[in-house]
Amino acid sequence: LFSIMPRDTGFFDLFERAATIVHDASQAYATVVRDYSKRDEQISRIRQFEHDGDEVVHRTLEKLDKTFITPFDREDIHVLMKLMDDVIDEIDAASKRLALYQIHEPTPWIIKQAEILVRSSTLVGEAVKRLRNLRKPNGLQQKLVEIHLLENMGDENNHSAVAELYATTKDPIFAMKWKEIYDLTERAIDRCEDIANTIEAIVLKNT
Amino acid sequence: LFSIMPRDTGFFDLFERAATIVHDASQAYATVVRDYSKRDEQISRIRQFEHDGDEVVHRTLEKLDKTFITPFDREDIHVLMKLMDDVIDEIDAASKRLALYQIHEPTPWIIKQAEILVRSSTLVGEAVKRLRNLRKPNGLQQKLVEIHLLENMGDENNHSAVAELYATTKDPIFAMKWKEIYDLTERAIDRCEDIANTIEAIVLKNT
Amino acid sequence: LFSIMPRDTGFFDLFERAATIVHDASQAYATVVRDYSKRDEQISRIRQFEHDGDEVVHRTLEKLDKTFITPFDREDIHVLMKLMDDVIDEIDAASKRLALYQIHEPTPWIIKQAEILVRSSTLVGEAVKRLRNLRKPNGLQQKLVEIHLLENMGDENNHSAVAELYATTKDPIFAMKWKEIYDLTERAIDRCEDIANTIEAIVLKNT
């Protein structure tokens, strides 16, 4: 069932593996909405990423159980992993609905939001890498600040997108579909910010 | 106020009591949608189950406070109880909305989903019973796997139900009502899966 | 950036500061819906409260990190603060949407709900004050019971408001907007109840 990575890995490898999946899923989602005629292939890839994410979480729980001394609080390790998995789940849910609700074309807003998500996921990956050596954080704070700014931007965009949707559409079912897709996408961006907050808490406790 | 069970009970009794309420509430919900003309009586029963659930959670917190040595991590006991209460709350919310929104008849999809919920709740009860003796788990893993499969099925059904609803209805308010009822029902099934995950974590730590 | 309070404060000062912001935000929200022509000013104030809330949470996390002996469990301190911040966030989200969705006038239901929120926030403030001296709780239990009753009332109101909205409106987009605003407002009231539950747990552990 589970076979995407070698058995013997440390927590940092697992974090980076999860961050890579987050990034790949975000990238695939951006490709879905940018290159909509080829969406089916990317949506299947995202579904696979969702399974991969579950595997990494599962692997982390097993490792937590077998490991006496962990690099950070067990709870923080668990939360960090859970949040990365949540990002992937939200992306999977959003992309699935594009197909399920037979959305014929993406909106400019969803393209913008997917781009913000990619940028935030990239920063998450860079922040997670810096967990290996918190004594040399090497610009970590700056990454976290940028993730917060992107979340604010995503929030503003989401508000504008929904306000515009409600103000212009004549088809309420269409509005319901897009409201849900916009909200799921924004939630993926929010979870990236929760990751930044968790990393900040880990830094506080470990430096 | 609270009088449904004798005072002196152990944690396992409390778990099983909660699981029984989960199961009874699921069963009542399935009866609501299968035998819709008699729904009022079942919806009142569910409301009572919701109170009973609150009592068991409260009793568990009191017991946790008074007990020095607990069979599992305090946190896990708390989470497990909270999740069982959540299942009941979602069922209560869903069934209430059928009345409140003056839904005239159930859909085939909600009948299917309520049946999945009953099956999952039955498995939750069987899994919870096995917590008493984790050295003789007696097919526990198989129960947990089945709960996961049912959650997947519930998820797929929910997607199909909502897609069909949006594709066929001409009444957007009708669509809004059912979207909410479908989602609440699916969330009850999801919480059963969260229970399975929590039991899995308890097993990991205690064997 | 952050400057609303002096640096050297204890946990109880931080709790009370957060409770004051919760209360002020609720009051501003009630003013928005009661005196709708002057809403813009109050909505800006609420946005500022939202920032203030973030500051207090941040300050609490820093203090937790630097403090070896805390008055209650670290986890409970964190949860209590997080929940007060959540109340403020829900109020901010609800009030923003009134402007964003170009709602021309408030409904009688939202005025009722905002009043319940103010009453619940007042009780939260009174309950939080009593955390300083749990040996002289001075009517704390009564406050917590009242918060629960208000939550029940808020829940009933929300049901009636949405049922009426769906039964009477001919404009589904209008219904979608109000459904979201009602739900956000109810969630603010719910979070007050979660605060009461958290305080109850703190009392249990510390008396």
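All of the numbers you see were taken from the coordinates with simple rules; none came from a lab. Please read these numbers as outputs of a predicted model, since none were measured by experiment. Positions of Cβ are backbone-derived with ideal geometry, glycine not excepted, and every protein chain shown enters the neighbour counts.
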When each copy gets a label point 7 Å from Cα toward the beta-carbon at residue C:13, what are the spacings between them in nm, shortest first? 4.9, 4.9
Residue by residue through region B:93-105, the couplings from Karplus 6.51 cos²θ - 1.76 cosθ + 1.60 with θ = phi - 60°, in Hz, x for Gly and Pro, are 5, 5, 5, 4, 5, 4, 6, 4, 8, 6, 6, 7, 8
The value for the protein assembly as shown (convex hull of the alpha-carbon atoms, volume per residue, Å³) is 162 Å³
Cα-based Rg and Dmax for region A:130-207, where Dmax is the largest Cα-Cα distance (Å): 17.3, 56
Given the options C:20, C:67, C:31, state which has the largest fluctuation in a GNM of chain C using a 10 Å cut-off (strictly under) for Cα springs. C:67
State the residue of chain C whose Cβ is nearest the axis carrying C onto A, and the distance in whole angstrom. C:172, 2
GNM on chain C, C-alpha springs below 10 Å: top fluctuator among C:35, C:89, C:65? C:65
Enumerate the calculated ³J(HN,Hα) couplings along region B:69-86 in order (Karplus 6.51 cos²θ - 1.76 cosθ + 1.60, θ = phi - 60°), each rounded to whole Hz, writing x wherever the residue is Gly or Pro. 10, 10, x, 10, 3, 3, 4, 5, 4, 4, 4, 4, 5, 4, 5, 5, 4, 4
Net charge dipole size for region C:98-137 [Lys, Arg +1 and Asp, Glu -1 on Cβ; Debye, nearest 20]: 560 debye
Shielding of C:175-182 by partners, i.e. mean partner chain Cβ atoms within 10 Å per residue? 3
Partner chain coverage, peptide C:160-167 - average Cβ within 10 angstrom: 3
Let me know the charge dipole size of the protein assembly as shown about its Cα centre in debye, to the nearest 20, where only the beta-carbon of Lys, Arg (+1) and Asp, Glu (-1) is charged. 860 debye
Largest first and rounded to whole Å, the semi-axes √(5λ) derived from the alpha carbon gyration tensor of chain A read 32, 19, 13
Taking a label point 7 Å from Cα toward Cβ, how far is residue C:36 from its twins in the other copies, in nm, shortest first? 3.6, 3.6
When chain B is modelled as a GNM with alpha-carbon springs shorter than 10 Å, which of B:44, B:120, B:95 fluctuates the most? B:44
Mean projected area in nm² (Cα convex hull; one quarter of hull surface) for region A:105-148: 3.2 nm²
Positive dipole terminus of chain B, leading residue within B:134, B:195, B:114 (C-beta point charges): B:134
Charge dipole magnitude, Cβ of K and R +1, D and E -1 - region C:45-111, Cα centre, debye nearest 20: 160 debye
Long-range amide H partners of residue A:138 with built H, under 5 Å: none
Cross-link pairs beyond the 18 Å C-alpha cut-off, checked among A:205/C:66; C:82/C:143; B:38/B:96: C:82/C:143
Quick one: with label points 7 Å out along Cα→Cβ, list the inter-copy distances for residue B:145 in nm, shortest first? 5.2, 5.2
Summing -39500 (n - 2.57) over every DSSP H run of at least 4 residues in the protein assembly as shown and dividing by its residue count gives a helix-only mean residue ellipticity at 222 nm, to the nearest 500 deg cm²/dmol, of -28500 deg cm²/dmol
